[in-house]
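Here's the structure we're looking at; comments come further down.
Rule-based calculations on the coordinates, nothing more; no lab input. Only a predicted model underlies this, so the values are computations on that prediction, with no experimental measurement involved. Every residue, glycine as well, gets a Cβ built from its backbone with ideal geometry; the counts of neighbours run over all protein chains shown.
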Amino acid sequence: MNKAAWISVRAALVLSLVVNFGFGQPPTNVEPGQKKQQDGGAAEAKEAAKRISVHGGAPKQKIAPQPSEPTVVLKPGEVPAIKFDTPTFNFGRVRAGTDVTHDFWFTNTGTGPLELLSVRPSCGCTTSGQYDRVVQPGQSGKIPIKLSTGHGAGPMTKSISVQTNVPGEGATVTLQVTGTLWQVVQAVPTNVNYSSLRASGLTEEQLTKKVIITNNDQAPMKPSEPKVSGGPFKASLKTLTEGKEYELTVVAQQPLSKGSNTASIQIATGNAEIPMLNIPVSLYVMSDVEISPAQLQIPPTATILKPLDRMFFVRNYTDKPIQVKEVTTTNPAIKTQLTELQAGTAWRLTVTLPEQYTAAAGERMVLKTDSPTVPELIVPFMQSSPTIATGTPAKQAPRPAGVGVTNMSENPRE
């Protein structure tokens, strides 16, 4: 038997004696001369447990982190208070990738001991060092902060939440670190996001976005013509200051596809540190008329023990009112009820599934409208797969029972 195994066995025997026979535990009445011997037994048991953990003889128990609780007991009339020299630190303009450090100084302006229970930054890029946890009245303390700026560009703001033992609304204080980041060659904004636009009635202003590209290097920049990869977008570059500043114009080209439209724009800079700018572009096009959710999700047959309601909402995003003229399903056993919530603009559709209903292949629901751009909405039926006996969901994906939803199948919000 090797040394590690012998230590594990010996430690296990010691723990067994402690648990089963009370060895190492001081009796109720202890003579003065016995105290040292008894303490030695307890210490030996603790050391044995430590050796077991080191050599893998017994699994180490994980202790869940405890919430921050006050350790300071305030006496009657003692009321702590906190005041920061400044709750906001502006680091100015720094190069991206630079670490920013700062000490937030505070003073206990109350009459009792001030205790900081927790300091929680809003993101992993901001960390707090060893801060002063208990500060007496009239005394000051500090919270050191380190911010890793990463590779962004433009304005940056991060927050730190400080929880204290101050009573009432003043218990939590929010600190902020703010400033502006720059790169050798930077684009502001770093991406082109059109957000959501409806399909018709788009103006030139809505379809156009601009990005300012700045060269912060001493050597002049000679950017290439922008190249667009994917998506219905056109890009052009205009010189604002030769070698230093340029304006990138991005225009979404009609007609636009319903749903998500994405692309990327590449511009060669000629700079050794940042030779290529890659600017993502995204645009979501809403249909003039949409229904949500985009499909009728049907539970496993065995779970429909009584008629089951499913709720849908229809929305007209155009400025002109429309009417939903008809709602039909390929299965007459399914009942529908349409309620107009806002004249010509919004409707609620209640669909009732019968008991033990199963969707057959090709089943769907069709809504007829008088919209010139969306005359009908088609909602396919999706039958969910049952779960296996152990309660673990089956790996088979939901089975589509119909065709895609007209004007709706690409909606990423569903």
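Here is how the numbers come out for the structure above:
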| quantity | calculated |
| --- | --- |
| Only Lys, Arg (+1) and Asp, Glu (-1) charged, at Cβ; the stretch 239-318 dipole about Cα centre in debye | 560 |
| Partners for Lys146 among aspartates and glutamates (Cα-Cα distance below 15 Å; same-chain residues under 8 apart left out) | Asp99, Asp103 |
| Kirkwood Rh and Cα Rg combined as Rg over Rh, evaluated for the stretch 187-270 | 1.02 |
| For Ser260, distant residues with modelled amide H under 5 Å away | Val285 |
| The stretch 114-230: radius of gyration over Cα atoms, expressed as a fraction of 2.2 N^0.38 Å | 1.65 |
| 3J(HN,Hα) from dihedral phi, the stretch 234-243, Karplus parametrisation 6.51/-1.76/1.60, rounded to Hz, x for glycine, proline | 10, 10, 9, 10, 10, 7, 9, 9, 3, x |
| Under the Karplus curve 6.51 cos²θ - 1.76 cosθ + 1.60, θ = phi - 60°, whole-Hz ³J(HN,Hα) for the stretch 353-363, x wherever Gly or Pro sits | 8, x, 4, 6, 6, 10, 7, 8, 4, x, 6 |
| Table column - 3J(HN,Hα) (Hz), the stretch 114-120, Karplus curve with 6.51, -1.76, 1.60, x for Gly and Pro | 9, 10, 8, 7, 7, 10, 10 |
| Relative frequency of Cα-Cα separations exceeding 16 Å in the stretch 64-103, percent | 67 |
| Listed peptides 97-110, 334-347 by packing density, highest first (mean Cβ within 10 Å) | 97-110, 334-347 |
| Within the stretch 159-294: Cβ-based charge dipole about Cα centre, in debye rounded to nearest 20 (Lys, Arg +1; Asp, Glu -1) | 280 |
| Spin-label model distance (nm) - Ala343 vs Ala96, 7 Å beyond Cα toward Cβ | 5.3 |
| Other-chain or far-sequence residues with amide H under 5 Å of Ala199's (modelled H) | Met286, Asp288 |
| Convex hull per residue volume in Å³, alpha carbons only, for the stretch 104-179 | 84 |
| Per DSSP, loop GluC sites (Glu not before Pro) in the stretch 265-332 with at most 10 further Cβ within 10 Å | Glu273 |
| Potential lengthening between Val73 and Thr330 on full extension [0.36 nm per residue; Cα-Cα distance subtracted] | 85.4 nm |
| Long-range HN-HN contacts of Ile298 with modeled amide H, under 5 Å | Met382, Gln383, Ser384 |
| Cα centroid separation, the stretch 132-207 to the stretch 80-130 (Å) | 13 |
| Point-charge dipole on Cβ atoms (K/R +1, D/E -1) for the stretch 65-201, about Cα centre, debye to 20 | 440 |
| Stokes-Einstein D (µm²/s) once Rh is taken as the Kirkwood radius of the stretch 216-364 over alpha-carbon pairs, at 20 °C in 1.002 mPa s | 106 |
